[in-house]
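One structure below.
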Amino acid sequence: MSGEKPFIIKRHDTAPAIIATVYDKGCLGEWGRLNLSGVSRIDFSMADDCGVLVVASQSAQTISASSGIIQYCWQDGDTSSSGMYTGEFELFFADGTKMSLPREGGIAIRIADDINDI
């Protein structure tokens, strides 16, 4: 997503988790936090700058359904290579529908070099 600061994590780190707040337009056109009570599953994926999936449809969590807050907790190996990446959450609703977030573009993620290569 152009103009936005990337989420930054160092190579080989598994913290902090990547956290997002989901917004949706209401019937009067104003933006509000999406209630996630109808979400049955959340996945997170991340691709490198060539489009190769590094994290493929891994389970993410709801932090607060009523406030629309979700997160992905990094697993060992997710951040093993430094560089620029694009992330995406997918929400699967109980009624069988799916929503990809962000709706346009992706989440800019930068995995920075670290001093120790372990």
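The values are calculated or read from the model by the stated rules, or taken from the named source; none is laboratory data. As the structure is a computational prediction, the values presented were derived from the model and not from experiment. Don't worry about glycine lacking a Cβ; one is built from the backbone with ideal geometry, like all the others, and counts go over all protein chains shown.
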Item to check | Pair list, Cβ < 9 Å and 6+ apart or interchain, from the range 49-65 residues that are surrounded by 13 or more Cβ atoms within 10 Å (Cβ to Cβ) to residues that are of a type in the set (Asp, Glu) and at pLDDT 95 or above | outcome: Val54/Asp48; Val54/Asp78; Val55/Asp78; Gln58/Asp43; Gln58/Asp78; Ala60/Asp43; Ala60/Glu90
Item to check | Those residues of the range 66-100 which are aromatic (Phe, Trp, Tyr) and either buried (at least 18 other Cβ atoms within 10 Å of the Cβ) or touching an Asp or Glu at 6+ places or on another chain (Cβ under 6 Å) (or both), in sequence order | outcome: Tyr72, Trp74, Tyr85, Phe89
Item to check | Residues of the range 43-84 classified as touching a strand residue (DSSP E or B) at 6+ places or on another chain (Cβ under 9 Å), charged (D, E, K, R) and part of a loop (DSSP other than H, G, I, E, B), total | outcome: 2
Checklist entry - Hey, any hits in the range 86-106 for a residue that's at pLDDT 95 or above and at positive phi? => result yes
Checklist entry - Does Ala15 count as assigned to a strand (DSSP E or B), on the phi < 0 side of the Ramachandran plot and either touching a strand residue (DSSP E or B) at 6+ places or on another chain (Cβ under 9 Å) or loosely packed, with under 15 Cβ neighbours inside 10 Å (or both)? => result no
